[in-house]
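To keep things clear, I will list the structure first and then write my remarks on it.
The values are calculated or read from the model by the stated rules, or taken from the named source; none is laboratory data. A quick note: this is a predicted structure, and the numbers were derived from the prediction, not measured. Here the Cβ positions follow ideal geometry from the backbone for every residue, glycine too, while neighbour counts run over all protein chains shown. Just so you know, the surface numbers come from the protein's heavy atoms only, side chains and all, with ligands and any DNA or RNA stripped out. Shrake-Rupley method; radii C 1.70, N 1.55, O 1.52, S 1.80 Å.
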Amino acid sequence: MTDTRGPQPQYEGYATGPLPGEREPAPGPSGPYHPPQAYQRPGGGTQGGQQGPGQGGGTLGGVQATRKPRTGARTTPRTRKARLRVAKADPWSVMKVSFLLSIALGICTVVAAAILWMVMDAMGVFTTVGGTISEATGSNESNGFDLQSFLSLPRVLIFTSVIAVIDVVLATALATLGAFIYNLSAGFVGGVELTLAEDE
């Protein structure tokens with residue numbers, strides 16, 4: 001069987017060039033393939049919010065965009081708080097503390113009484129009041145009641161010291177009894193609750 005079509009034209013691209021599978025890839029920077037987009041995103045961004053290679057951030061009109069902090073972010077540190085409950089008061093420790101505090105209060109009372117007596121004596125209060133009481137209670141046979149000798153400084157200090165000692169005993173006993181009563185009441189109601197917070 002003979003070919004009657006005659007000589008066929010040769011395609012120049014296939015005759016002179018390599019086949020499609022034998023072509024070498026086009027020279028260029030290697031990287032991920034990005035399909036063409038119909039509309040270009042403003043600022044040169046890519047699809048999905050990803051940045052292209054070599055870009056540090058999106059640009060708008062040739063100006064480098066900077067990330068701004070969120071305005072609704074909490075800037076002040078949060079103050080930590082803790083709720084505690086005084087479940088029991090140690091009677092022995094309460095007695096020691098109340099004893100020391102009552103002694104300090106008794107010493108302050110004695111010192112304050114001595115200072116007050118010296119101030120009143122310097123102002124002449126005892127002389128004036130004592131003379132008035134002597135004239136009111138005196139008679140022809142006696143001079144009356146002597147207020148200055150009765151309210152002398154040693155007597156005032158002794159009287160104040162006795163009051164301070166009584167105060168020490170009563171305050172210590174009442175504080176210790178109060179600790180026992182608090183422990184009994186805390187067993188029923190749970191005790192006093194305190195809310196503690198840190199300084200800002």
message = Looking at SER142, SER161, can you tell me which residue is at pLDDT below 80 and either under 30 Å from SER93 (Cα atoms) or not hydrophobic (A, V, I, L, M, F, W, C) (or both)?
response = SER142
Enumeration of residues in segment 158-194 that are touching a residue at least 12 places away in the same chain (Cβ under 8 Å) and either among the hydroxyl-bearing types (Ser, Thr, Tyr) or in contact with a Pro (Cβ under 8 Å, 6 or more places away or on another chain) (or both) = THR160, SER161, THR172, THR176, ALA179, PHE180, TYR182, ASN183
inquiry  = Can you find a residue that is surrounded by fewer than 14 Cβ atoms within 10 Å (Cβ to Cβ), farther than 30 Å from SER161 by Cβ and modelled with pLDDT of 65 or more anywhere in segment 40-48?
reply    = no
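Within segment 91-107, track down each residue that is in contact (Cβ under 8 Å) with a residue 40 or more places away in the chain and within 14 Å of ILE166 (Cα to Cα).
SER98, PHE99, LEU101, SER102, ILE103, LEU105, GLY106, ILE107
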message = Please go through (1) touching a helix residue (DSSP H, G or I) at 6+ places or on another chain (Cβ under 9 Å); (2) open to solvent by 90 Å² or more (accessible area, probe 1.4 Å) for ASP199 and return the number of the only condition it doesn't satisfy.
response = (1)
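Out of the residues in segment 173-200 that are of a type in the set (S, T, N, Q) and closer than 28 Å to ILE103 by Cα, which is modelled with the highest pLDDT?
Let us first name the residues in segment 173-200 that are of a type in the set (S, T, N, Q), namely 176, 183, 185, 195.
Those left that are additionally closer than 28 Å to ILE103 by Cα: 176, 183.
Details: THR176: 95, ASN183: 92.
The extreme case among them is THR176.
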